[in-house]
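A quick write-up on the structure given underneath.
The values are calculated or read from the model by the stated rules, or taken from the named source; none is laboratory data. All values reported here derive from a predicted model rather than from experimental measurement. Glycine gets a Cβ as well: all are built from the backbone with ideal geometry, and neighbour counts include every protein chain shown. The accessibility values were calculated without ligands, DNA or RNA, using every heavy atom of the protein model including side chains. Shrake-Rupley method; radii C 1.70, N 1.55, O 1.52, S 1.80 Å.
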Amino acid sequence: MPQFQDPLLLSQAVWLLIIFGVFYFVLSFFVLPRVGSVLEDRAARITADLEAARASKQQADAAMAELSAATAKARAEAQAAVAAALAEATAKAQAESDVLNAKLAEQINAAEARIATARDAAMAAIGSVATETASALVSKLMGKADANAVQAAVSRTLASRGAA
Amino acid sequence: MAAEGKAIDALSQFELSTTLGPIGAAVNFTQSNLHMVYAAAFAILLMTVGMGARALVPGRMQSLAESAYEFIMGMVTEQVGEEGKRYFPFVFALFMFVLLGNAIGLLPYAFTYTSHIVVTFGLAAMVIVVVTGVALARHGWHFFGYFFPEGAPLWLAPIIIPVEIVSYLSRPLSLSIRLFANMVAGHVMLKVFATFVVMLGGLGVVGPVLSILPLSINVALMGFELLVAFLQAYVFAILTCIYLHDAVHLH
């Protein structure tokens with residue numbers, strides 16, 4: 001086999017050491033550090049981007065929470081305002097109706113009083129009217145009328161009917 | 001060069017000759033060494049041209065360069081640990097040198113320098129020298145405790161220590177012979193079947209038809225040899241990593 005007896009074996013091995021040595025030197029001092037730096041840059045970039053995304057998400061979450069809190073607060077305020085307005089309107093309506101009721105009651109009382117006086121006046125007048133009517137009737141029938149007897153009879157009759 | 005005088009000549013492909021004209025002849029620069037230069041230049045070119053853009057999102061070449069980098073970096077950190085990153089360039093250089101030596105050797109007219117035991121043993125010897133140097137630098141005299149495992153009964157020392165020393169010294173042999181034997185076997189087979197193609201092709205009318213058989217075997221062998229080329233480079237690199245792990249951690 002040439003691998004064991006070739007006269008150039010030794011020089012081949014020496015050249016191997018030289019070539020591999022240069023290869024290793026170039027790789028480890030020039031080539032591989034560049035590759036490594038690119039990969040590190042990328043890893044750093046990805047980490048930074050992830051960090052930024054996480055921060056943004058936190059910010060968004062905070063804004064969301066703020067928004068929902070503001071919404072809840074606004075809703076509570078609106079409900080309070082509605083309730084207050086409702087109560088105010090109810091109270092006002094109540095007061096107005098109270099005033100109206102009082103006025104009406106007063107008018108009713110006044111009217112009732114007027115009715116009572118009118119009736120009393122009418123009742124008071126009824127006696128004299130009845131007496132005059134009775135006197136006229138009696139005088140037409142009998143030519144003359146005893147005014148005192150007619151009045152007494154009318155008074156009796158009125159009294160017996162309970163009208164006063 | 002295939003079938004001279006009806007004899008299958010599978011070994012002449014491994015013969016060395018000087019190249020680069022009189023200058024190469026003067027310094028005994030062989031075609032094997034020229035292929036080493038090709039492989040090294042190809043690796044350096046791949047890693048520099050590929051990374052030239054330094055793009056955040058890599059293109060094809062940059063992806064290839066980065067994959068190679070990360071493949072070996074992953075192997076080193078997995079096998080040796082974080083301390084192993086210091087030895088990453090060495091493992092990377094070995095892997096690339098062996099892989100490209102195996103792969104370039106599959107091209108027609110190319111020379112496979114990994115089919116020379118001198119070359120593979122040179123690389124393996126480099127590995128052992130580096131590994132032993134790392135172990136001595138990190139652990140000093142404790143390194144020699146490696147040859148006698150802690151807790152073993154003392155009376156076994158006369159057996160254990162020679163066995164451990166022999167196994168330590170056999171590492172470069174197994175490392176180099178594995179690669180050398182794989183490459184030689186593959187290329188001898190390729191050459192033998194290629195010779196069959198030529199021989200059968202000369203056998204009258206049926207010859208060319210029959211020669212399809214060894215030709216198709218060679219096609220399959222070529223794919224197999226590509227696998228072997230990668231696998232042997234991988235084995236070489238990972239064994240180097242395992243030896244480095246032993247050197248860094250001493251068991």
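Structure values in brief
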| quantity | calculated |
| --- | --- |
| Per residue value of the accessible surface for region A:54-132 (all protein chains in place, 1.4 Å probe), Å² | 81 Å² |
| Pair A:LEU158, A:ASP61: separation of 7 Å Cα→Cβ label points (nm) | 10.1 nm |
| Straight-distance crosslink candidates among aspartates and glutamates, where the alpha carbon sits under 17 Å from B:LYS191 and sequence neighbours closer than 8 are dropped | B:GLU4, B:ASP9, B:GLU15, B:GLU225 |
| DSSP-loop chymotrypsin sites (Phe, Trp or Tyr not before Pro) across region B:44-130, with at most 12 other Cβ within 10 angstrom | B:TYR109 |
| Formal net charge of residues neighbouring A:ASP41 (Cβ-Cβ distance under 15 Å; K, R +1; D, E -1) | 0 |
| Backbone HN-Hα couplings from phi across region A:60-69 [Karplus 6.51/-1.76/1.60, Hz, Gly and Pro as x] | 4, 4, 4, 4, 4, 5, 4, 4, 5, 5 |
| Inverse of mean 1/r across different Cα pairs in region B:8-115, Kirkwood, Å | 15.9 Å |
| Cα coordinate range in region B:22-249, projected on the principal axes (Å, largest first) | 75, 53, 40 |
| Surface per residue (accessible, 1.4 Å probe) for chain B, Å² | 49 Å² |
| Two-decimal ratio, the protein assembly as shown, of alpha-carbon radius of gyration to 2.2 N^0.38 Å | 2.73 |
| Protein-protein interface of region B:13-57, residues with accessible area decrease of at least 50 Å², isolated chain reference, 1.4 Å probe | B:LEU16, B:ILE44, B:MET51, B:ARG54, B:LEU56 |
| Percent accessible area from carbon and sulfur atoms, region A:10-119, protein chains only, probe 1.4 Å | 68 percent |
| Accessible-area order (highest first, 1.4 angstrom probe) of the listed residues B:MET126, A:MET142 | A:MET142, B:MET126 |
| With DNA, RNA and ligands ignored, accessible area of B:ILE128 (1.4 Å probe; Å², nearest 10) | 20 Å² |
| Ranking by accessible area, most exposed first, for A:VAL138, A:VAL99 with a 1.4 Å probe | A:VAL99, A:VAL138 |
| Column: log10 I(q)/I(0), Debye, Cα scatterers of region A:27-162, q = 0.11, 0.20, 0.22 Å⁻¹ | -0.81, -1.14, -1.20 |
| The protein assembly as shown, helix-only ellipticity at 222 nm - DSSP H runs n ≥ 4, -39,500 (n - 2.57), divided by all residues, nearest 500 | -27500 deg cm²/dmol |
| Crossing angle, helix B:212-249 versus chain B [Cα axis fit, 0-90 degrees, rounded to tens] | 10 degrees |
| Summed buried accessible area for A+B [probe radius 1.4 Å, Å², rounded to 100] | 3500 Å² |
| Accessible carbon and sulfur surface of chain B relative to its total accessible area, %, 1.4 Å | 74 percent |
| Chymotrypsin sites (Phe, Trp or Tyr not before Pro) within region A:1-49: DSSP coil, no more than 14 neighbouring Cβ in 10 Å | none |
